[in-house]
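Quick notes on the structure that follows.
The values are calculated or read from the model by the stated rules, or taken from the named source; none is laboratory data. Only a predicted model underlies this, so the values are computations on that prediction, with no experimental measurement involved. In this analysis, Cβ positions are derived from the backbone assuming ideal geometry, glycine residues included, and neighbour counts consider all displayed protein chains.
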Amino acid sequence: MGMFEFKRDDIVRSAVLQMHTAIEDLMTDMLYSWILGAPRRKLGRKTRYTKRGQALSRLLSGGALGFDKKLDFAVVMGVINSKTRDKLRELNAVRNKCSHHWRLDALVLGKTTRKQKRPCLLNFRGRDLHKVATLEAFVSEYAGVYLQLYAKSINQS
């Protein structure tokens, strides 16, 4: 694998991880705010000095809830809808592949016929995420989700 392929993997991985982290952090802040009934700028005091806030902190930030369960919790609390949850599960699946595999352009192993082409490990809706058009579609999709959540969080503050 040449230097170009390593750089390309780094760009794809960073786009996926950045989108995932940004969305998860925003969604977590929204859950804190909605549950504790405080604007985001005042959450620090409520999470540190109240029993309720400390318990919520252990639940949301202490690793007790994985991303998938946090998505379900966000649906229950009205932070996101089920359509957004499904999109974010798709993002999480791509993120998991980025986190657990070093070579993102590797082909998926398994039985194929001679006529079948082995799919690339990292796909977004059935298309190779290493292709510029697919990466642009991915970023556009999740930037839109992030902006919707951000606008909702601003309105809630």
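Can you find, within segment 100-116, the residue that is modelled with the highest pLDDT among those that are surrounded by 13 or more Cβ atoms within 10 Å (Cβ to Cβ) and within 26 Å of TYR146 (Cα to Cα)? Please lay out each step first, then the result.
At the first step, the residues of segment 100-116 found to be surrounded by 13 or more Cβ atoms within 10 Å (Cβ to Cβ) are 101, 104-106.
Within this subset, residues satisfying the condition of being within 26 Å of TYR146 (Cα to Cα) are 101, 104.
Numbers: HIS101: 61, LEU104: 58.
Residue satisfying both the conditions and the ranking: HIS101.
Filter segment 49-100 down to the residues that are among the aliphatic types (A, V, I, L, M) and over 18 Å from GLU141 (Cα atoms) and list them by number. Even if it seems obvious, please write down each step before you answer.
Quick first cut of segment 49-100, residues among the aliphatic types (A, V, I, L, M) only: 55-56, 59-60, 64-65, 71, 74-77, 79-80, 88, 91, 93-94.
Passing the criteria: ALA55, LEU56, LEU59, LEU60, ALA64, LEU65, ALA74, VAL75, VAL76, MET77, VAL79.
Among (1) in contact with a Ser or Thr (Cβ under 8 Å, 6 or more places away or on another chain); (2) surrounded by fewer than 17 Cβ atoms within 10 Å (Cβ to Cβ); (3) among the basic types (Lys, Arg); (4) free of Cβ contacts under 8 Å to residues at least 60 places away in the same chain, which single condition is ARG40 missing?
(4)
Tell me, yes or no, whether segment 13-23 has at least one residue that is more than 30 Å from VAL132 (Cβ to Cβ) and surrounded by fewer than 12 Cβ atoms within 10 Å (Cβ to Cβ). Before you say what the answer is, go through the steps one by one.
We begin by selecting, within segment 13-23, every residue more than 30 Å from VAL132 (Cβ to Cβ); these are none.
Scanning segment 13-23 turns up no residue that is more than 30 Å from VAL132 (Cβ to Cβ) and surrounded by fewer than 12 Cβ atoms within 10 Å (Cβ to Cβ).
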